[in-house]
Amino acid sequence: MTTRPTALLPFPDTAALGPRGIELDGVPLTQLAEEHGTPLYVYDAASIRTRARAVVEALHEAPNGGHASFALKSQSASRVLELIREAGMGADCASAGEIAAALRAGFAGSGLVIHGNAKSEEDLRAAVEADARLVVLDGRDDADRLAAICREHGRTQDVLIRIAPGIDVNTHRHIATGHHGSKFGVTPAEGAALLKAMPDGLKGRGLHVHLGSQILDTEPLISAARWLPAFAKAEGIDLEILDVGGGLGIRYTPDQDMPDPGAHTRNLIEAIATVCGDEGIPVPEVIVEPGRSIVGQAGVTLYTVIGTKTVGDGSTWVAVDGGMGDNMRVGLYGATYAPVLAARPTEEPSGSYRIAGRHCESTDVLAEGVALPSPAVGDIVAVPATGAYHQTMAHSYNLFGRPAAVLVEGGSARLITRRESVDDLFSRDV
Ligand SMILES: Cc1ncc(COP(=O)(O)O)c(C=O)c1O
């Protein structure tokens with residue numbers, strides 16, 4: 001196996017250096033920029049398939065069965081969802097829109113797990129009408145509203161209760177969700193009470209926990225998985241299903257680890273089986289809900305350099321034709337990236353640069369302190385690890401249309417999302 005240059009470490013699995021610079025599955029990134037324009041999201045099918053299959057295969061080893069539910073909030077392009085469904089995953093949806101996206105991509109209702117801390121009547125009706133396998137309740141009001149809809153439809157809905165166990169994780173506080181005070185889930189005591197007194201129309205099957213996202217130190221995820229069966233036993237709850245959420249991180253910069261989603265899933269299964277053995281209770285069916293760790297590493301965003309300038313404090317800006325409209329993560333969480341020039345990723349750097357987005361906000365900066373080799377107008381900047389929470393969070397501030405997306409597979413690329421045109425931007429005006 002050839003060793004990848006350090007600059008390529010956060011790129012998708014098929015990334016390699018060719019005569020035109022970085023290639024994905026043999027397709028040069030610069031060629032994709034020429035053919036489809038920029039900004040452009042590029043996804044590597046092989047990277048997605050490998051990770052989705054690894055999780056599904058790990059779940060085959062779960063003693064009482066397992067189900068992998070892909071979190072659509074991280075990526076919902078129809079062609080990508082089809083790949084994930086073909087790999088054997090189900091779908092985790094947090095709105096009527098995400099339910100529609102899952103159904104369009106061919107997921108069956110029996111593969112859907114429905115979420116949301118403030119589900120509307122429309123979201124709940126969409127879940128019931130899709131015959132969703134499970135709805136994860138976020139509180140008593142959620143339960144009452146869903147129960148009324150189920151009674152109207154003459155149907156009983158299987159549900160889980162989302163618990164905020166008060167476990168802190170080492171991630172940005174804006175993407176931590178399992179701590180005391182989180183807006184997601186209920187206290188363990190409230191969860192147990194709710195599960196023991198389900199309104200007519202609902203059948204409680206177990207518990208759910210999701211601690212947060214971009215978690216590279218997996219110990220808290222394993223601790224939560226160990227804690228819930230013991231808690232269920234102490235409360236006298238019959239835990240048929242344990243859904244341990246998602247949260248596994250990915251490598252954004254070369255110095256970070258790249259955890260293996262399959263190995264992590266096996267660790268979760270083993271931890272749950274061990275604690276159930278210790279507690280003398282049956283092992284529940286295990287559900288996992290990975291998003292970022294399936295698709296994040298598979299994505300690259302391409303930009304064109306629009307201009308460079310050195311300013312009053314001596315720093316040099318490299319302005320590109322995208323920014324916060326296609327990447328919300330920098331502004332939301334101070335996320336860091338390792339951009340390179342697609343044609344010259346390993347060339348000796350000429351200095352340290354700041355990558356400016358094109359939006360009229362001073363905070364629209366894609367990366368700071370980036371070592372690049374004399375970036376110039378027309379160069380293509382490639383930002384790796386942008387397959388999750390980029391396209392799904394894109395917006396059209398300043399009325400820049402949202403980017404196109406292509407999927408690279410078997411040595412060629414196909415357009416899977418067309419670029420938003422100026423006409424598209426006005427298509428909702430009445
Ligand atoms: C309930 C739930 N499940 C799964 C996920 C997916 O998390 P990740 O993309 O970090 O794996 C999220 C994301 O926040 C979530 O809220």
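Counted residue by residue at 0.36 nm each, then reduced by the alpha carbon distance between them, the extension gain from Arg414 to Ala100 reaches 110.7 nm. To the nearest 10, the accessible area of Cys360 is 100 Å² with a 1.4 Å probe.
Restricting the calculation to Cα atoms, segment 114-236 shows an Rg/Rh of 0.99 when the hydrodynamic-style radius is the Kirkwood one. For the chain, set up a Gaussian network in which alpha carbons nearer than 10 Å are linked by springs, and say which option among Lys309, Lys196, Lys73 fluctuates the most. Result for the chain, Cα springs under 10 Å: Lys309 fluctuates most. Between Thr3 and Arg155, the contour length at 0.36 nm per residue exceeds the Cα-Cα span by 49.1 nm. Comparing Ala45, Ala385, Ala77 in a Gaussian network model of the chain (Cα springs below 10 Å), the most mobile by mean-square fluctuation is Ala77. Length available on full extension from Glu61 to Leu216: 0.36 nm per residue minus the Cα-Cα distance, which gives 53.4 nm. Each residue, Ser223 and Ser421, gets one label point 7 Å from its Cα in the Cβ direction; the gap between the two is 5.4 nm.
The fraction of all Cα pairs in the chain landing in successive 10 Å bins from 0 to the largest distance is 5, 21, 30, 24, 14, 6, 1, given as whole percents.
With q set to 0.08, 0.09, 0.13 Å⁻¹, the log10 of I(q)/I(0) for segment 46-296, from the Debye formula over equal scatterers at the Cα positions, is -0.27, -0.34, -0.75.
Could you work out how far the C-alpha centroid of segment 340-411 sits from that of segment 102-156, in angstrom? Centre-to-centre (Cα) distance: 38 Å.
The values are calculated or read from the model by the stated rules, or taken from the named source; none is laboratory data. Remember, it's a predicted structure, so these values are computed and weren't measured experimentally. Cβ sites come from the backbone with ideal geometry, for glycine too, and all protein chains shown count toward neighbours. Just the protein is used for accessible areas: all its heavy atoms, side chains included, with ligands, DNA and RNA removed. Shrake-Rupley method; radii C 1.70, N 1.55, O 1.52, S 1.80 Å.
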